[in-house]
1. For the structure I just gave you, tell me whether Gln24 is open to solvent by 70 Å² or more (accessible area, probe 1.4 Å), at pLDDT 85 or above and closer than 16 Å to Arg3 by Cβ.
2. Would you point out which residue out of Leu32, Leu7, Leu43 is free of Cβ contacts under 8 Å to residues at least 60 places away in the same chain, surrounded by fewer than 18 Cβ atoms within 10 Å (Cβ to Cβ) and either outside any helix (DSSP H, G or I) or not β-branched (Val, Ile, Thr) (or both)?
3. Could you grab me the full set of residues in region 55-82 that are free of Cβ contacts under 8 Å to residues at least 12 places away in the same chain, over 15 Å from Lys33 (Cα atoms) and either in contact with a helix residue (DSSP H, G or I) (Cβ under 9 Å, 6 or more places away or on another chain) or open to solvent by 80 Å² or more (accessible area, probe 1.4 Å) (or both)?
4. Pick out the one residue from Arg72, Arg10, Arg6, Arg65 that is touching a His at 6+ places or on another chain (Cβ under 9 Å) and of a type outside the set (S, T, N, Q).
5. Which numbered condition in (1) open to solvent by 100 Å² or more (accessible area, probe 1.4 Å); (2) not in a loop (DSSP other than H, G, I, E, B) is the only one that Leu51 fails?
Amino acid sequence: LARTMRLYCRNHNKDPPAWLLDPQQVAAIKGLKEALKQDASRLQAACQRVLEVDGCQEACHSEMRQAIERLRREYQIPSGWDVTAMLGTNQSKLLVKNEIHDQSLLALFDDLFKR
């Protein structure tokens, strides 16, 4: 029921009521709202905290959207890159590592490194 209500609030662009959230979610959302007024490194840490707390991202979707757009501007991240995946790495830098399985691409890099 709580998840359904959070989704309802999200779909209607409404903040969920405080009684619907657990204390961890409340703290993470409060931290994100405060970090939106501060520098990018604090904003990044607050976003990572929101992603760590179960159900929190749905509860503060508009703030997360604002935060991701601000991080994208601050760090000049291209629009096609997944900032949420970068935030989910628990590192101090925005970084995501993807495995490469394409053998032709691996061979190309192998040749590059051998030169």
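The values are calculated or read from the model by the stated rules, or taken from the named source; none is laboratory data. Predicted model, so just to flag it, every value in this text is computed and none were measured. Cβ sites come from the backbone with ideal geometry, for glycine too, and all protein chains shown count toward neighbours. We work out accessible area using only protein heavy atoms, side chains counted, and drop any ligands, DNA or RNA first. Shrake-Rupley method; radii C 1.70, N 1.55, O 1.52, S 1.80 Å.
1. So Gln24 fits the description; yes.
2. Only one candidate passes the filter, namely Leu7.
3. Listed by number, the residues that qualify are Arg72, Arg73, Gln76, Pro78, Ser79, Trp81.
4. Arg10
5. Of (1) open to solvent by 100 Å² or more (accessible area, probe 1.4 Å); (2) not in a loop (DSSP other than H, G, I, E, B), only one is false for Leu51: (1).
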